[in-house]
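Single-structure report; data block below.
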Amino acid sequence: RQVIEPMIQLACCSKSHRIIVAGSKGRELMLELLRRGYNRVATNATCGPPRGQCDVAMIDWRLQSIMALERTLGWLVHFLAPAAVLVVWLDSSEPNGNRKLGSMLERLGFTIEAGTRCEQGLVVSARRRDAARMNAAA
């Protein structure tokens, strides 16, 4: 529950958005979102084939290797709509986690828009570079 509030705030998501969750606590994250009234939440196992159908991706990546995150992000981006937001929670014990995450996201065509640090870790939100440019122009 400590994780969900900053993730929702950084995602700027509404209850009508399609949300995909992933990570070691993905199921718990999904259940907490459903409890809060976000009824369009799924995991990769429950949302069908990837075809850009999700508006938000939330990844709880605590207690997992940052290097394994790149593989997860590699398949997850195919579920995201062009203007979707990606929110990642990293464990605070990961050395240089923010730099590693930034370079991973850059390789996948994303730009970090915002982030926050707290005692449980680091949370960042990112969008595809093209979507970030379109938002800045608007």
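The values are calculated or read from the model by the stated rules, or taken from the named source; none is laboratory data. The shown structure was predicted, so the numbers you read here are calculated from the model rather than taken from an experiment. Virtual Cβ from ideal backbone geometry, glycine too; neighbours counted across all protein chains shown. For accessibility, only protein heavy atoms count, side chains too; no ligands or nucleic acids. Shrake-Rupley method; radii C 1.70, N 1.55, O 1.52, S 1.80 Å.
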Check: Among 57, 22, 42, which is more than 15 Å from residue 123 (Cα to Cα), touching a residue at least 12 places away in the same chain (Cβ under 8 Å) and of a type outside the set (Lys, Arg)?
Finding: 42
Check: Which residues, counting only those in segment 32-80, are open to solvent by 40 Å² or more (accessible area, probe 1.4 Å) and of a type in the set (S, T, N, Q)?
Finding: 39, 44, 46, 64, 65
Next item on the list: Can you confirm whether segment 10-24 contains a residue that is assigned to a loop (DSSP other than H, G, I, E, B), of a type in the set (Lys, Arg) and modelled with pLDDT under 90?
Entry: no
Check: In segment 74-88, what residues are over 15 Å from residue 7 (Cβ atoms) and in contact with a Leu (Cβ under 6 Å, 6 or more places away or on another chain)?
Finding: 77
Checklist line | Count of segment 82-101 residues which are among the small types (Gly, Ala, Ser) and surrounded by 17 or more Cβ atoms within 10 Å (Cβ to Cβ) | finding: 2
Checklist line | Residues (free of Cβ contacts under 8 Å to residues at least 60 places away in the same chain and among the hydrophobic types (A, V, I, L, M, F, W, C)) located in segment 1-19 | finding: 4, 8, 19
Item checked: Only listed residue being in contact with a strand residue (DSSP E or B) (Cβ under 7 Å, 6 or more places away or on another chain), farther than 26 Å from residue 130 by Cβ and modelled with pLDDT under 90, chosen from 63, 33 -> 63
